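The values are calculated or read from the model by the stated rules, or taken from the named source; none is laboratory data. A quick note: this is a predicted structure, and the numbers were derived from the prediction, not measured. All Cβ positions, even for glycine, are placed from backbone atoms using ideal geometry, and neighbour counts span all protein chains on display. Note: accessible area is taken over every heavy atom of the protein model, side chains too, but ligands, DNA and RNA are not part of it. Shrake-Rupley method; radii C 1.70, N 1.55, O 1.52, S 1.80 Å.
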Amino acid sequence: MDKELDWSHLSFGYIPTDYNVRCYYRDGKWGDIEVSQSETIDLHIAATCLHYGQEIFEGLKAFRGKDGKVRVFRLEENARRIIESAKGIMMEPVPVELFTEMVKKVVKLNERFVPPYGSGASLYIRPLEIGISAQVGVKPAKEYLFLILVSPVGPYFKEGFKPTNICIMREFDRVAPKGTGRWKVGGNYAASLEAGEKAHSLGYSAVLYLDPKEKKYLDECGPANFFAIKDGKYITPASESILPSITNKSLMQLARDMGIEVEARHIPIDELADIDEAAACGTAAVASPVGEIDDLDTGVKYVVSKDGQPGPVTTALYNKLRAIQLGEEEDVHGWNTIID
Ligand code: PLP
Ligand code: COI
């Protein structure tokens, strides 16, 4: 770093760091972990990732705790999920041990980029895997590259922990009913770009997608899951076409720990009229409160936050999650991996 980063004012973007780590799958086996200072990769022009979208990724975060220690949140869950994504689009799964070793290594190597305690920022860890061998017929690659880059980040929604408005629109689907929505596949995000840009141009922070089969039930937001608080219960969509969010699972556990009932089920759009709080949840989004949900096709506006403030349950869950990630509260579920 030429000059000290302004840790408290980071946005969610790419900042170059010292190192990334890479591992190649060739001749039927994963090779040695390579440490690189280069920000580029050399790719075959016929690589399957370029032609047929063989690309999957993950997103997790490292935090500098109150005690100065660096903690990675739910490393193993992310390792397991990228295996499911790999199987989903016929890529070579990265063993949990390799994923774990590489995450630990890349965080340690870039430790000076883990934002200080109290800044509100974190080190975003982005593992990704691509098919790299040449294939012109539509077939899976035989060779793969798994690499991990990191970047210090601030809040995903620039408003931070303040309600933003989201919208529903039926002209775009991000994924198919039994398609790739349950995996973290790059193509899902390409398919969300047009709707996302349209939503942003209309002043919304995100799109709340409906189930692509019937368009009756809530699915998830473009970059995050969705939950609501209704009659004191935590409700969140159950769907085959959404990503199983690790943040959502963590919040569900914390809600249960607080004695809050949790329901993961189909949520019809109309039910939005009866909710007391809502949020988009994910590694990047954490729990971003929702102010209003506008259905752009029917013109119905579901006002969730009447006073423009985050709701009490969302706030309590957010604070609890952050406290665990920052080592302020005991990690009773064993979610943190300490980097030493
Ligand atoms: N849904 C989508 C489409 C996402 O991109 C993300 C982000 O990772 C999530 C949900 C949240 O998942 P997680 O909490 O595991 O980060
Ligand atoms: C994450 O929360 O890790 C994501 O991947 C969301 C978004 C940046 C795509």
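Selection of first residues in the stretch 143-170 that are in contact (Cβ under 8 Å) with a residue 40 or more places away in the chain and assigned to a strand (DSSP E or B) and of second residues that are of a type in the set (Asp, Glu) and open to solvent by 10 Å² or more (accessible area, probe 1.4 Å), restricted to Cβ pairs under 6 Å at least 6 apart or on distinct chains, gives the following pairs, ordered by first then second residue: Tyr144/Glu92; Asn165/Glu292. Residue under question is Lys320, and the condition is that it be more than 18 Å from the chain's Cα centre (by Cα), open to solvent by less than 70 Å² (accessible area, probe 1.4 Å) and not hydrophobic (A, V, I, L, M, F, W, C); does it hold? Yes, satisfied.
Count of the stretch 156-179 residues, restricted to those that are open to solvent by 40 Å² or more (accessible area, probe 1.4 Å) and either more than 19 Å from Pro289 (Cβ to Cβ) or within 12 Å of ligand 1 (Cβ to nearest atom) (or both), is 7.
Selection of the stretch 78-99 for residues being in contact (Cβ under 8 Å) with a residue 24 or more places away in the chain and either farther than 20 Å from Ile338 by Cβ or open to solvent by 30 Å² or more (accessible area, probe 1.4 Å) (or both) yields Arg81, Ile82, Glu84, Ser85, Ala86, Gly88, Ile89, Met90, Met91, Glu92, Val94, Pro95.
Ile130 passes every criterion in (1) in a strand (DSSP E or B); (2) farther than 30 Å from Ala46 by Cβ; (3) touching a helix residue (DSSP H, G or I) at 6+ places or on another chain (Cβ under 9 Å) apart from (2).
Please verify whether the stretch 60-71 includes one or more residues that are over 28 Å from Glu4 (Cα atoms) and open to solvent by 50 Å² or more (accessible area, probe 1.4 Å). Scanning the stretch 60-71, I find no residue that is over 28 Å from Glu4 (Cα atoms) and open to solvent by 50 Å² or more (accessible area, probe 1.4 Å), so the answer is no. Screening Lys213 against (1) within 28 Å of Gly13 (Cα to Cα); (2) at pLDDT 95 or above leaves a single unmet condition, (1).
Has the stretch 206-219 got at least one residue that is surrounded by fewer than 22 Cβ atoms within 10 Å (Cβ to Cβ), of a type in the set (Gly, Ala, Ser) and either within 16 Å of ligand 2 (Cβ to nearest atom) or in a strand (DSSP E or B) (or both)? Scanning the stretch 206-219 turns up no residue that is surrounded by fewer than 22 Cβ atoms within 10 Å (Cβ to Cβ), of a type in the set (Gly, Ala, Ser) and either within 16 Å of ligand 2 (Cβ to nearest atom) or in a strand (DSSP E or B) (or both). Determine whether Lys249 is away from ligand 1 (no atom under 16 Å from the Cβ), open to solvent by 50 Å² or more (accessible area, probe 1.4 Å) and either charged (D, E, K, R) or part of a helix (DSSP H, G or I) (or both). Considered against the rule, which asks whether it is away from ligand 1 (no atom under 16 Å from the Cβ), open to solvent by 50 Å² or more (accessible area, probe 1.4 Å) and either charged (D, E, K, R) or part of a helix (DSSP H, G or I) (or both), Lys249 comes out as no.
Kindly indicate the residue of the stretch 62-87 that is out of contact with any strand residue (DSSP E or B) (no Cβ under 7 Å at 6 or more places or on another chain) and among the small types (Gly, Ala, Ser) and also farthest from Val114 (Cα to Cα) among those meeting that condition. For the stretch 62-87, the residue satisfying everything is Ala79. Among helices (runs of 4 or more DSSP H) entirely within the stretch 1-119, having at least 1 residues that are under 30 Å from Glu159 (Cβ atoms) and at pLDDT 95 or above singles out 75-88, 96-109. Against the condition within 16 Å of ligand 2 (Cβ to nearest atom), assigned by TED's automatic domain parsing to the domain that holds Ala278, in contact with a Phe, Trp or Tyr (Cβ under 8 Å, 6 or more places away or on another chain) and of a type outside the set (S, T, N, Q), how does Gly222 come out, does it pass? Yes: the conditions hold for Gly222.
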